[in-house]
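S.K.: First, the structure itself, so that you have it in front of you.
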Amino acid sequence: MGSHFSHQRSKKKEITGQKSPDKTPSLNISSESDPSGNKESVIFNYVLKDAAEIPSFIWHMKSVEKLNLSHNRLSKIPPAVAKLEQIVVLNFCGNCIVHLPREIGLLRNLKVLFVNMNYLCEMPEEVGLCKKLEVLSLSHNFISGLPSTCRDLSKLRKLNLSNNWVVNIPACVFHIKTLDFLHLGSNKIESIAESIKYLECLKILIIDHNNIAVLPRAVCLLTSLELLNVDYNKIQTLPNDLFLLTNLRRIAWNPLDKGLHVMNNPLVKPLSEYVEGELDMLFSYLKDIKKIN
């Protein structure tokens, strides 16, 4: 087991607009040995919930692998972030960040990046240089697209673009064939491109609360899907080949459950009645329709 210790430092100057001058940032640093025992992973938590700037000494902690600066008032990330050469997990969730610096692309060991719940309108093209990135969370921003360089994120497994301003699924997403989780819920998406079929590893596809009128047959080719959520759209019919998604075990009602989520759509009869029953019944109906056609 690694050692754990905490350190607290007094804040000499009051943060602009802060009413309580006695708040102090809490610095929590812990070192963890990895299972092989070859090296230590340093976790650094800047706990103060109302910090407007990142203390400069952080950029000199080059051995840090996990950095949590979430839920503060940070409006920018300085180019000095590039000094964190060993960083693996970077968490800027819940701040006021308007853009990320181009230097983010120099973090060649970065695997997990959380910048959800900020004010981002775009991502820098250099993010495509983070070749080891596996998890990218961009939810609750103002993003309408992604740079084409994201197609180079060949190890990305989980992408969360929910609660943004996306109208068309970024074309680069269809090139990231390692994705097993894609969340596009609560956007302005009107259609799903046929190119979705290239995401053969997808297990979870969430695209609820959008403006989708047609669920394309291409979705039926994603046979690894365990959760397909198209709740709260404008879908009237379902593709006849939907029964090919054999890993969907049931019609799901709870948002956390795996299965097919297709409620709160203007489905025509008798589809609207079948989705209130068992998935087997719905699949049997779709098979019969396919035979007739």
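S.K.: It is to be established whether one or more residues within the stretch 236-244 are more than 30 Å from residue 119 (Cβ to Cβ) and within 22 Å of the chain's Cα centre (by Cα).
M.R.: No; the residues of the stretch 236-244 include none that is more than 30 Å from residue 119 (Cβ to Cβ) and within 22 Å of the chain's Cα centre (by Cα).
S.K.: Find the residue count for the stretch 264-273, including only residues that are in a loop (DSSP other than H, G, I, E, B) and open to solvent by less than 30 Å² (accessible area, probe 1.4 Å). Let's see the steps before the verdict.
M.R.: Step one: list which residues in the stretch 264-273 are in a loop (DSSP other than H, G, I, E, B), which gives 264-270.
If we keep only those that are open to solvent by less than 30 Å² (accessible area, probe 1.4 Å) as well, we get 265, 267.
Summing the residues that are in a loop (DSSP other than H, G, I, E, B) and open to solvent by less than 30 Å² (accessible area, probe 1.4 Å) in the stretch 264-273 gives 2.
S.K.: Every residue in the stretch 54-89 that is of a type in the set (D, E, K, R) and closer than 16 Å to residue 103 by Cβ, please.
M.R.: 62, 76, 83, 85
S.K.: Please count how many residues of the stretch 231-246 are open to solvent by 30 Å² or more (accessible area, probe 1.4 Å), on the phi < 0 side of the Ramachandran plot and free of Cβ contacts under 8 Å to residues at least 40 places away in the same chain.
M.R.: Residues flagged as open to solvent by 30 Å² or more (accessible area, probe 1.4 Å), on the phi < 0 side of the Ramachandran plot and free of Cβ contacts under 8 Å to residues at least 40 places away in the same chain within the stretch 231-246 amount to 5.
S.K.: Across the stretch 274-293, which residue is most open to solvent (accessible area, probe 1.4 Å) among those that are under 10 Å from residue 240 (Cα atoms) and either of a type in the set (Lys, Arg) or outside any helix (DSSP H, G or I) (or both)?
M.R.: 291
S.K.: Considering only the stretch 259-293, state which residues are in contact (Cβ under 8 Å) with a residue 40 or more places away in the chain and within 25 Å of the chain's Cα centre (by Cα).
M.R.: 261
S.K.: Also, quick follow-up: For the condition open to solvent by 10 Å² or more (accessible area, probe 1.4 Å) and modelled with pLDDT of 95 or more, what is the one hit in 162, 144?
M.R.: Going through 162, 144 in turn, just one is open to solvent by 10 Å² or more (accessible area, probe 1.4 Å) and modelled with pLDDT of 95 or more: 144.
S.K.: Which of the residues that make up the stretch 194-214 are among the aliphatic types (A, V, I, L, M) and out of contact with any Pro (no Cβ under 8 Å at 6 or more places or on another chain)?
M.R.: 199, 202, 204, 205, 206, 207, 212, 213, 214
The values are calculated or read from the model by the stated rules, or taken from the named source; none is laboratory data. This structure is a prediction, so every number in the text was calculated from the model and none was measured. All Cβ positions, even for glycine, are placed from backbone atoms using ideal geometry, and neighbour counts span all protein chains on display. When the accessible area is computed, the model is the full protein with side chains, heavy atoms only, and any ligands, DNA or RNA have been set aside. Shrake-Rupley method; radii C 1.70, N 1.55, O 1.52, S 1.80 Å.
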